[in-house]
Amino acid sequence: MSFRNRLLVIFIVAVLVPMIALSLLIRSEMTKRLTDQYELRVDALVSVIEDDIEQESESLATSLAALKDAILDDNRFRGAAVAGDQGERRYLLDYATGAMRIAGLSMLQIQDDEGRILSSGHFRNEFGRLEPELPRLLASAPKSAALVEVRTPDKPMIVLARVDSLRIGGRMFTVTGGVAVEKHFLSRLAGETDLAVTLAPPDGFQLQHAARSRAIVRELRVPYIGADRIEFDEASFSVTHDLAGLDDLRRSIDRWFLIVVAIAGLAAIILVGWLSSRISRPLTELAGKTSRIDLDRLDVEFETDRRDEIGALSSLLAAMTDRLRAGALRIRDAERRATLGEMARQVNHDIKNGLTPIRNIIRHLSQLSREDPHAMPEIFAEREETLNSSIGYLDDLASNYARLYPRLNRKRCDVSEITAGIVTDLQGTGPALLRAGLCKGAIVQADPVSLRRILENLVRNAIDSIGSNSGTVTVTTEHVPGDDGRMWIRVMVADTGAGMSEEQKARIFDDFYTTKADGTGLGLSIVRRLVMDLDGRIEVESTAGAGTRMIIYLPAEAGG
């Protein structure tokens with residue numbers, strides 16, 4: 001993730017996330033508090049409606065009491081209802097209609113002691129119908145009032161009704177009156193436009209004052225008498241507070257919140273871009289300068305006039321570069337000294353190897369001068385070639401070491417021929433018996449001096465590993481195919497000496513590691529380096545107490 005993206009993520013986590021969380025908490029708390037207020041208003045309205053219904057019931061009782069007094073004083077009603085005067089029958093039929101209008105009622109019916117309807121103001125055709133259950137049920141209703149479903153010429157109507165009774169001429173009459181529970185009535189109960197009152201009778205017939213689906217609802221249970229007039233049931237006034245306003249408020253808050261978040265996000269992108277460029281540009285420049293630093297190029301400058309963290313980093317890098325310059329000088333001096341020391345040890349090692357055949361010849365000739373002087377010319381002639389070869393080897397070494405590092409002079413070399421010469425030179429230098437199994441045409445492109453140094457070191461190490469014991473050193477050469485399809489010359493030097501442990505075998509090519517009391521630890525290290533210079537490889541196989549095999553692979557000359 002880029003530095004700019006990291007800054008943007010940090011800004012979002014540090015600013016936008018708390019802002020979103022705070023907005024959600026505010027929205028939730030606002031919704032909760034407004035909902036609580038709405039619920040309190042609804043609960044209060046339920047109490048008000050209950051009081052209003054009681055007041056409406058008392059008002060009905062007053063109207064019915066006044067109507068009862070009027071009936072008692074009305075002789076025409078008495079004559080028609082008690083005496084059965086047929087001339088006053090029409091008066092009796094129309095009586096409830098006129099009285100209902102005067103009293104401001106929506107329903108009024110007068111019944112005799114048998115329950116027969118004598119006059120009905122809301123439905124004139126109810127005259128003569130027996131309905132004794134209604135007055136009885138109303139009389140036993142809680143608070144003497146109930147909702148009643150009554151018939152009208154058009155459709156059923158629900159009224160809030162009460163009943164009263166009076167006695168005329170020894171007969172009992174009942175007067176039932178009520179007001180219609182319709183939209184106007186419910187609106188009057190609601191009193192406010194954002195609250196709605198809905199009547200839900202048990203039979204499913206419903207009068208409703210505009211209410212939406214999402215709302216706070218409370219119910220007020222009231223007695224209900226259905227059309228069957230059998231027993232009481234329950235209807236409910238549902239008080240509803242519409243939450244559309246709250247939804248609109250929340251949508252408005254959400255809209256403004258999204259606008260604020262969008263503005264904050266845009267500001268974040270601009271701010272992060274500006275800030276990252278202010279920080280990343282000098283860091284990129286410092287990274288570019290730092291990438292150019294190595295031990296061979298320490299001239300990079302980190303000058304700056306900044307006084308902030310970038311300036312402190314530049315100063316730190318400048319100080320580090322100065323320390324690197326000083327350290328590089330010390331390292332080069334130490335490397336020069338180490339190179340000279342290693343070269344001196346290599347010269348000592350290689351000269352000792354070159355002097356050994358000469359020393360052996362001189363020792364042999366000295367012995368002959370004492371024991372058989374006449375044989376000296378013949379023996380000298382036999383060993384003259386070995387003597388010249390060793391002197392030529394030392395001369396080549398001197399020429400190579402005249403330079404700081406020996407230069408390879410590649411030419412066609414016969415590995416078997418060089419190996420045979422080394423075996424002849426070193427034969428008799430110890431109790432070990434040297435054997436050779438050499439193939440013909442083992443031609444490679446190599447430096448003869450380097451090749452001789454490699455083979456002489458390996459054969460001499462094999463002789464030294466046998467020590468004073470009797471043993472055999474076998475040197476072989478052969479052609480072998482490689483995995484890459486090329487032919488290779490394999491040279492193997494095997495001895496029957498003490499062998500090596502796994503730990504020793506893992507370290508034999510390390511500089512200055514030796515198992516000899518007077519060794520320098522450079523022989524095998526030089527061998528490995530020289531083999532690699534000739535594009536070859538070296539392997540070792542050894543078992544403690546069973547001997548060692550050193551194997552060299554050199555690329556054969558094409559057509560050789």
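Taken together, the values in this text are just the output of simple stated rules run on the coordinates, not laboratory data. Model, not experiment: these values are computed from the prediction. Reconstructed Cβ throughout: ideal geometry from the backbone, glycine too, with neighbour counts over all protein chains shown.
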Legend entry - Estimated distance in nm for a label pair at T356 and T429, the labels positioned 7 Å out from Cα along Cα-to-Cβ: 0.3 nm
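Going by average Cβ density within 10 Å per residue, which order do the peptides 233-242, 110-119, 150-159 take, highest to lowest? Display every interim value, and only then the final one.
Numbers: 233-242: 20.5, 110-119: 18.6, 150-159: 15.7.
Going from most to least packed, we get 233-242, 110-119, 150-159.
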Inset, instruction - Starting from the Cα of R151, step 7 Å along the direction of its Cβ; do the same at M532; then give the gap between the two resulting points in nm. - result: 12.0 nm
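Let me check I've understood the local charge: for R129, count other residues with C-beta under 13 angstrom from its C-beta, Lys and Arg +1, Asp and Glu -1. What total comes out? Working shown, then result.
Numbers: positive: R116, R124, R151, R229; negative: D112, E114, E126, E131, E133.
Computed value for this residue: -1.
Around A442, under 10 Å between beta carbons, what's the net of Lys plus Arg minus Asp minus Glu among the other residues? It would help to have the intermediate numbers written out before the result.
Working: positive: K440, R490; negative: D414, E417, E478, E557.
Net charge in that neighbourhood comes out at -2.
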Legend entry - In nm, spacing of pseudo-spin labels at D322 and E378 (7 Å Cα→C-beta vector): 8.2 nm
Inset, instruction - Within the range 153-179, find all residues whose amide N lies under 19 Å from a label point positioned 7 Å from the Cα of L72 along Cα-to-beta-carbon. - result: 163-177
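Determine the gain in length on full extension of the stretch E234-D51; use 0.36 nm per residue of separation and subtract their C-alpha separation, reporting nm with one decimal.
On the way: separation 183, 0.36 × 183 = 65.88 nm, distance 1.82 nm.
Here the answer is 64.1 nm.
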Inset, instruction - Any chance you could run the full-extension gain for T31 through E114? It's 0.36 nm times the residue separation minus the Cα-Cα distance, nm to one decimal. - result: 23.9 nm
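What is the extension gain from V17 to A227, computed as 0.36 nm multiplied by their sequence separation minus the C-alpha to C-alpha distance, in nm to one decimal? Could you put the intermediate results ahead of the total?
Details: separation 210, 0.36 × 210 = 75.60 nm, distance 6.26 nm.
Fully extending the segment from V17 to A227 adds 69.3 nm.
Cross-link list K68/K183; K155/K183; K68/K155: which exceed 23 angstrom alpha carbon to alpha carbon? Write down the numbers at each step before the final one.
On the way: K68/K183 29 Å; K155/K183 15 Å; K68/K155 28 Å.
Violating the 23 Å Cα-Cα cut-off are K68/K183; K68/K155.
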